[in-house]
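Comments concern the structure below.
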């Protein structure tokens, strides 16, 4: 019997980093920027949170009492700052300097993943502390607090209420983003910038301001995915490369959901489920087949990519100006 | 009426920069990046900046062995860089080099495992070469087919193909693992060296280097002097022009991507048969992505890529030396390389544009 009661909560927990990443990337892509640096930014978001929490927990070891506000606030702010800085590098290079977005994005990912692994591996040595590994149990305890009444409501509580606050923030953010993009004036302007910046410019929209805001906001949201992963999913333990290819999966998710974060809420759970499906399918002694199951999220994305390009439905296409730098004097 | 607003500075596109001025700007960017890297290293390790450079050079050239490892790394990175180049000249964003290397490596390993010790090397190595080329080529052809037929976004397609390839390798690693349960294949045909590239003058890596150098020159000639190369440039500049002059754009896309994938496949071959003699999911080590940057830095000129891949590998190996010496994490190399890349990417702006400041009194 397939164990849904433990499968669904785990799929949801897998989905949250993907959801953050894809919401961030959708906002960025709507402004016409394909940010392939998202995987790197998520690493930086994660490690920045870890650095903040680590330094705070060092003061706790010295005997200071735990402050419930600071223990959440410090990692959160460091995570946002770290990903904001990454977003700034990307925006400066691609928006102001009009560099090639693919090259810049890939460089960001090289740098970001390296940054994460470097500080993950060297933080203890650099700060000269005497702990054996980075295990932020106190911080993680606060970050992974479930809703208070989750345990009393049986299966309902377990499936819908057993997550930490960052998970609900992710879902709310996705719905809000979808609403803003589709239903508001700001969203309309943003889409105009992504589809055809020259037209948007002519209509009096400040193209660069929209591009900067969208890219920076997108980076910060994506960074939170890294933070959620370390603090909640991984219980505050940073291990190098553990975050894996979730960043790329988040980019895949953007295509899969045809640039709609509200669909992404459900699609990310589907992806999260596919990502861990191999753990739940009984394959007996044949371990190799599990590796083929791990292929599923990518194959499904490919199929969606192909079908949506075949159908050519206009609302399901990538923004037309995606990947093309905009220079006003060049028309 | 209020006074007309004049911005403090605005950006103007340059007519053109003389080649030596353009390369001067790029050289300055690299020097700046090296200074920033040295300062960072000094902060983290307490070395004096000159000692940082000395350590990098020692890490790269220190011993004969280190020198050949450096050459080997340059050769593989160069091979992947020239592989992605034809596609980029056509403005086809192939970020699937990683996957194409992996399937090439997998095909090579499959031949070595299944046919090794049954065929003599004189037959086996050509068979391995052909299967690596075909495997890589097909992996490149699949996204090209959909791009040509339905204009499917190639960046995202090739990206996804990487992970399909990774899992395919992971699957076969477990199928062929030695011993059962080890989770890795181990050195293939260690005792017989069946399917291993022969050593030249007692050197394990020289053959790889020679093969890649030959390929680099061939790709340079292909792109610059052949009809195919011309067609690639036209499609890259403007698809409409290409159609207008009667170039079959679909065929050019598919042909070029097969070539691109096949060359990545060869990189996989060199990695398995010439260097590692085994296959793992991480055998390509991100070169499919690094190569994009190497090719772009060299303005898609295969001969210049010898220089750019040298620069990247030198910094990686050098930073590796620093991190081992000071007990830092090996990912330090990625940070160092990342900073250099940011500087070079940014400097292209100053090659193509210049800033005009507001005149006094305006």
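The alpha carbon gyration tensor of the protein assembly as shown gives principal lengths a ≥ b ≥ c with a/c below 1.5, which makes the shape rounded.
When B:230, B:225, A:163 are arranged by Cβ crowding within 10 Å, least crowded first, meaning fewest neighbours, the order is B:225, B:230, A:163. Note on the protein assembly as shown: helix-only mean residue ellipticity at 222 nm, from DSSP H runs of 4+ residues weighted -39500 (n - 2.57) and normalised by residue number, equals -23000 deg cm²/dmol. Taking other C-beta atoms within 10 angstrom as a stand-in for reagent exposure, B:41, B:152 fall in the order B:152, B:41, fewest first. Ranked by the mean number of other Cβ atoms within 10 Å of their residues, highest first, the peptides B:317-323, B:242-248 fall in the order B:317-323, B:242-248. The value of relative contact order for the range B:65-305, using C-alpha pairs under 8 Å at least six residues apart, is 42 percent.
Peptide A:112-124 has a mean of 5 when you count, residue by residue, the C-beta atoms of other protein chains within 10 Å of its C-beta. Note on residue B:9 and residue B:150: the model spin-label points, each 7 Å out from Cα along the C-beta direction, lie 4.7 nm apart.
The separation of the range B:192-239 from the range A:192-216, counted between C-alpha centres, amounts to 43 Å. Here the Debye sum runs over all C-alpha atoms of chain B as equal scatterers in vacuum, and log10 of I(q)/I(0) at q = 0.09 Å⁻¹ comes out as -0.58. Computed from the C-beta positions of residue B:324 and residue A:286, the FRET efficiency with R₀ = 51 Å rounds to 0.80.
For the pair the range B:276-320 / the range A:1-68, the C-alpha centres are spaced 30 Å from each other.
Under a Gaussian network description of chain B, with springs only between Cα atoms under 10 Å, the residue in B:172, B:300, B:349 that fluctuates furthest is B:349.
Rounded to the nearest angstrom and listed largest first, the equivalent-ellipsoid semi-axes of the range A:4-316 from its Cα gyration tensor are 31, 25, 19.
Sorted on the mean count of surrounding Cβ atoms within 10 Å across their residues, most packed first, peptides B:301-311, A:36-46 read A:36-46, B:301-311.
The simple spin-label model puts a point 7 Å past each Cα toward its Cβ; for residue A:169 and residue A:61 those points are separated by 2.6 nm.
GNM on chain A, C-alpha springs below 10 Å: top fluctuator among A:288, A:122, A:140? Of A:288, A:122, A:140, the Gaussian network model singles out A:288 as fluctuating most. A simple spin-label model places pseudo-atoms 7 Å from Cα toward Cβ; at residue A:156 and residue B:43 they are separated by 5.4 nm. Defining a contact as two alpha carbons under 8 Å apart and six or more residues distant in sequence, what relative contact order in percent does the range B:159-232 show? Relative contact order, the range B:159-232: 11 percent.
For the range A:200-314, the equivalent ellipsoid built from the Cα gyration tensor has semi-axes of 32, 22, 10 Å, listed from largest to smallest.
Springs between alpha-carbon atoms under 10 Å, Gaussian network over chain B: tell me which of B:288, B:338, B:104 tops the mean-square fluctuations. Sorting by GNM fluctuation, first place goes to B:338. Each of B:115, A:76 was scored by other Cβ atoms within 10 Å of its Cβ. Arranged with the fewest first, they read B:115, A:76. Only Cα pairs under 8 Å and 6+ residues apart enter the sum, and on that basis the relative contact order of chain A stands at 36 percent. Taking only the C-alpha atoms of the range A:1-141, the Rg (one decimal) and the largest Cα-Cα distance, Dmax (whole number), read 17.7, 57 Å. Set the Förster radius R0 to 30 Å, insert the Cβ-Cβ distance between residue B:17 and residue B:238 as r into 1/(1 + (r/R0)^6), and round the FRET efficiency to 0.05. With a Förster radius of 30 Å, E is 0.80. Potential lengthening of the chain between residue B:354 and residue B:304 amounts to 15.5 nm, from the contour at 0.36 nm per residue minus the alpha-carbon distance. Per residue of A:308-319, other chain Cβ atoms within 10 Å of the residue Cβ number 2 on average. The mean count of C-beta atoms from other chains within 10 Å of the C-beta of residues in A:238-248, rounded to a whole number, is 1.
Read-outs throughout are calculated quantities, based only on the coordinates presented, and are distinct from any laboratory measurement. What you are looking at is a predicted structure, and each value in this text was computed from that prediction instead of being measured. We place every Cβ from the backbone using ideal geometry, glycine too, and count neighbours over all the protein chains shown.
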